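*Asks:* Would you mind keeping the following structure in view while I ask a few things?
Please treat every number below as a calculation from the coordinates, not as lab data. Since the model is a prediction, treat every value here as computed from it, not as a measurement. Ideal geometry is used to build each Cβ from the backbone, glycine not excepted, and the neighbour counts take in all protein chains shown.
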Amino acid sequence: MLFESLRAKLSELSHRLSSHRLDERSISTILEGFKMALIEGGVAYDVAEELCSGILKRMDGLEVPRLKSKEEAVKEVFRESLREVLSGAAITDLPRLIRSRTSMGKPFVMVFMGINGVGKTTSMAKVARLLQREGFSVVMACSDTFRTGALEQLMEHGKRLGVKVIRHKYGSDAAAVAFDAINYAKAHGINVVLVDTAGRVHTDRNLMEEMSKVVRVAMPDLKVLVLDALTGNDAVEQCRTFNEEVGVDAVFLSKLDADEKGGVAFSVLATLGKPILFIGTGQKYEDIMEFDPDLLIRNLVGGDQ
């Protein structure tokens with residue numbers, strides 16, 4: 001579960017807060033411990049700072065209703081503060097978006113991007129399987145014409161999934177591959193085009209300009225940034241840079257099954273304000289699930305939302 005280690009810390013802190021006079025000085029001292037626990041859990045420093053500042057404002061002079069325990073009132077303040085930080089992280093109904101697009105006779109295009117090693121290709125294959133189960137037809141484009149083995153990897157996924165893969169030779173124009181895949185989808189009545197791109201360091205100007213060209217040519221309905229849950233605070237910087245350079249519509253958080261801290265999910269949602277559409281929880285195609293921000297709050301604070 002996300003934030004298991006932090007939930008125990010919060011329980012301890014809320015109990016301590018419920019035993020103290022709720023003024024700014026006593027709350028600040030206790031919240032400092034909670035902020036450090038968040039940071040140790042992988043939450044970016046500025047996000048932890050923002051969250052604790054919001055909690056402090058809400059708790060200073062808090063009056064507890066007669067029928068509610070002080071500890072429960074404190075937990076409710078934490079819930080409200082978390083909701084405020086995550087207020088921009090609404091989950092997109094992907095099947096509805098796709099049906100809206102295809103009802104106009106046009107394929108729905110998704111471009112997957114990210115740095116090297118985050119699992120873009122596997123994550124895209126998982127999305128392909130999920131969309132197949134929703135009844136959509138899919139074609140995949142190998143616009144990663146740079147990495148050795150990229151074509152073969154995507155072809156293998158296509159074979160296993162029964163999905164057509166559009167590809168060119170290594171060194172070809174990545175944008176041209178995406179263009180051809182979209183035309184193929186239009187000609188054959190395919191619902192969704194999934195475009196795989198080469199991994200690129202977000203600080204490399206030339207590579208980011210190439211990514212911008214793919215986006216200009218493909219004109220995707222969704223630009224999906226794939227992030228590794230184990231990346232830590234660098235994931236926040238990746239989000240900012242990709243968003244500034246090419247725009248980010250949604251995030252796929254991979255390798256969350258191996259993330260013992262879980263703070264990256266919180267930092268991404270709070271910093272970028274974009275939805276985490278899916279999370280990868282294992283190696284199989286079926287190891288994918290929608291991400292619900294309320295789940296993060298329940299795991300951290302406990303109780304009903």
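*Asks:* Can you give the local net charge around residue 142? Use residues other than it whose beta-carbon is closer than 12 angstrom to its beta-carbon, Lys and Arg +1, Asp and Glu -1.
*Replies:* Here the count lands on 0.
*Asks:* Past 21 Å, Cα to Cα, is the threshold; run 159/223; 120/159; 35/223; 106/159 against it and keep the listed order.
*Replies:* Beyond 21 Å between Cα atoms: 159/223; 35/223; 106/159.
*Asks:* Something else now. Cβ under 12 Å from residue 168's Cβ, residue 168 left aside: what net charge do those residues give with Lys, Arg +1 and Asp, Glu -1?
*Replies:* -1
*Asks:* Another question, then. Please list 3J(HN,Hα) in residue order for the stretch 43-56, calculated via the Karplus relation 6.51 cos²θ - 1.76 cosθ + 1.60 where θ = phi - 60°; whole Hz, with x for glycine and proline.
*Replies:* Result, rounded to whole Hz: 7, 4, 4, 5, 5, 4, 5, 4, 4, 5, 5, x, 5, 4.
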